[in-house]
Amino acid sequence: MNSITPVLSVQDVRKHFTLHLRSGQALPVLHGVSLDVRAGECVALVGASGQGKSTLIKCLYGSYGVDSGRILFASEQPGSEPLDLAQASPQQVLALRRRELAYVSQFLRALPRVGAIDVVAERLLQADPELQSGSADEARWHAAQTAARAQVAELFARLNLPEAIWDLPPATFSGGEQQRVNIARGFVQPARLLLLDEPTASLDAMNRRVVIDMIAAAKAAGSAIVGIFHDEEVREAVASRCVSLPAAQPERSFV
Ligand SMILES: Nc1ncnc2c1ncn2[C@@H]1O[C@H](COP(=O)(O)OP(=O)(O)O)[C@@H](O)[C@H]1O
Ligand SMILES: [Mg+2]
């Protein structure tokens, strides 16, 4: 793989939803999306609400299948061929998510009863090959957990999350606090492909600034980024370029 090869190559992706509550009616959402994203680039998806931006991000994260088209991801594993995320097995997708894909979703989904700092630290522990191989002893686990929590604490402080809530489960946090936990989880570990769905929607100006700096640092470190940025100021600060999703083909008229 050389530096010219895009990290992500989306080729003519089409997708519809089936609306089961409306007698199986088809709702076409992605109408032939193509785009390439290289290391160090941030591509902003633009378009009206309901155009399919979040749906595309979920396809890129391997959460949704597609009707047709390819989503080629060039892994950093030496010698590996690009993997089509649209065809990948759940195991392949989960392995990539542990080390190479990160996603900041619009809404935080966390396990109940786990404190915010551990919700984020878990991301670091999951990416540690020795811990995941089962060969680490208790002392190694303890050291890794302590180091991960310290790293997350630094990030939480940077995101101005009050220390009093770091150990509390995020379910009862305010929207802006949950969003910052989500951002910390997405950024705590360098990702080859970083997906951002309106990461600053609930943040005040000071925290928006922090997130802009974090996105700039991820670009400089070589992450490929695809994002949706509702806030124009944020978009202008971080986007290398903007991509509009193709509109629906007009119905063919028979005259
Ligand atoms: N899981 C789903 N099932 C059915 N329809 C969905 C689902 N997710 C999104 N949609 C519909 O697909 C369209 C695109 O949604 P979305 O991707 O969230 O748009 P955007 O992020 O551009 O605002 C909308 O009409 C939405 O209602
Ligand atoms: Mg959306």
Other-chain or far-sequence residues with amide H under 5 Å of Ala224's (modelled H): Gly40, Leu193, Leu194
Counting helices only, and only those DSSP H runs with n ≥ 4, report the 222 nm mean residue ellipticity of the chain as the sum of -39,500 (n - 2.57) divided by its residues, in deg cm²/dmol to the nearest 500. -11000 deg cm²/dmol
To the nearest 20 debye, what charge dipole does the chain have about its Cα centre, counting +1 at the Cβ of each Lys and Arg and -1 at the Cβ of each Asp and Glu? 500 debye
Just name one of Leu94, Gln179, His142: the one whose Cα is farthest towards the positive end of the charge dipole of region 27-244 (beta-carbon charges, Lys/Arg +1, Asp/Glu -1). Leu94
Computed D for region 64-208, Stokes-Einstein, Kirkwood radius over alpha-carbon pairs, 20 °C, 1.002 mPa s, to the nearest µm² per second, is 129 µm²/s
Where in region 1-39 does the label zone of Arg241 land, with the point 7 angstrom along Cα→C-beta and an amide N cut-off under 16 Å? 4-12, 33-39
Per-peptide average of other Cβ atoms within 10 Å, ordering 186-197, 117-128, 171-182, 156-167 highest first: 186-197, 117-128, 171-182, 156-167
Across the Cα atoms of the chain, what radius of gyration and what greatest pairwise Cα-Cα distance (Dmax) are found, in Å? 19.2, 77
Long-range amide H contacts for Leu108: which residues qualify at under 5 Å (H placed 1.01 Å from N, peptide plane, sequence gap of 5 or more or a different chain)? none
With x for Gly and Pro, the residue-by-residue ³J(HN,Hα) of region 164-175, computed from phi through the Karplus equation 6.51 cos²θ - 1.76 cosθ + 1.60 at θ = phi - 60° and given in whole Hz, is 4, 10, 4, 8, 8, x, x, 4, 9, 5, 5, x
So who's got an amide H within less than 5 Å of the one on Ser244, skipping anything under 5 residues away but keeping other chains? H placed 1.01 Å off N, in plane. Val46
Given a Förster radius of 45 Å and the C-beta distance between Ala164 and Ser34 as r, what FRET efficiency does 1/(1 + (r/R0)^6) yield to the nearest 0.05? 0.40
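Just so you know, all these numbers are worked out from the coordinates, no wet-lab data involved. All figures in this text were calculated on a predicted structure; none of them were measured in a lab. Please note: Cβ atoms are built from the backbone with ideal geometry, for glycine as well, and neighbour counts cover all protein chains shown.
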